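**Student:** Structure incoming, see below.
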Amino acid sequence: MQIDIKGRNVTVTDELRDHAERRLRKVARQVSDLARLEIEIFRERNPRVADSQVAECTLYLKGVTLRARDASPEMRHSLNLVVDELARQVKRHRDKLRHRRDRSGIGGPAALEEARAAGARVARAA
């Protein structure tokens, strides 16, 4: 997975970059090597906004784009929140694909269950 970290009027330190890459290892194992992730960090300029440190992620996968945005008083915490949200979205997307494949009847547990049930019906009829 290719990771691009951009800072909008904020410098992206090596420590922040390493922290993001460390947190994203779990997500990187679940997606293709061709996936591209863009992380944009910035600070809200409005002084009345308490959660001024914002992190936004956009993950481009084959056929789908996943987005997450979170804000908190600290940038590392915002990054942690956005990575957790992205991991939930990736897991949900993978489960949807797996469920769709199982329902199509091509291999998988659903086809095996149907074959067993059909065999039981034939045995009862005889």
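Read-outs throughout are calculated quantities, based only on the coordinates presented, and are distinct from any laboratory measurement. Keep in mind that this is a model prediction, so the values were computed, not measured. Heads up, the Cβs are rebuilt from the backbone with ideal geometry, glycines too, and the neighbour counts pull from every protein chain shown.
**Student:** Hey, what did the chain get for relative contact order, percent, Cα under 8 Å, at least 6 apart?
**Tutor:** Computed value for the chain: 19 percent relative contact order.
**Student:** To continue, here is another question. Longest segment of the chain with no GluC sites (Glu not before Pro) in a DSSP loop having at most 13 other Cβ atoms within 10 Å?
**Tutor:** In short, 75-126.
**Student:** Calculate how many DSSP beta bridges within the chain are antiparallel, expressed in % of all such bridges and rounded to the nearest 5.
**Tutor:** 70 percent
**Student:** Check each of the trypsin sites (Lys or Arg not before Pro) in region 1-105 and keep only those in coil by DSSP with at most 16 other C-beta atoms within 10 angstrom; list them in order.
**Tutor:** Filter output for region 1-105: 45, 48, 62.
**Student:** Quick one, can you get me the convex hull of the C-alpha atoms of region 1-94 expressed as volume per residue in Å³?
**Tutor:** Considering the Cα atoms of region 1-94, their hull volume per residue is 87 Å³.
**Student:** Okay, moving on. Treating only the Cβ atoms of Lys and Arg (+1) and Asp and Glu (-1) as charged, compute the dipole magnitude of region 1-81 about its Cα centre; round to the nearest 20 debye.
**Tutor:** In debye, rounded to 20, region 1-81 gives about 200.
**Student:** Would you tally the net charge around residue 85, using a Cβ to Cβ cut-off of less than 14 Å, leaving residue 85 out, and scoring K and R as +1, D and E as -1?
**Tutor:** +4
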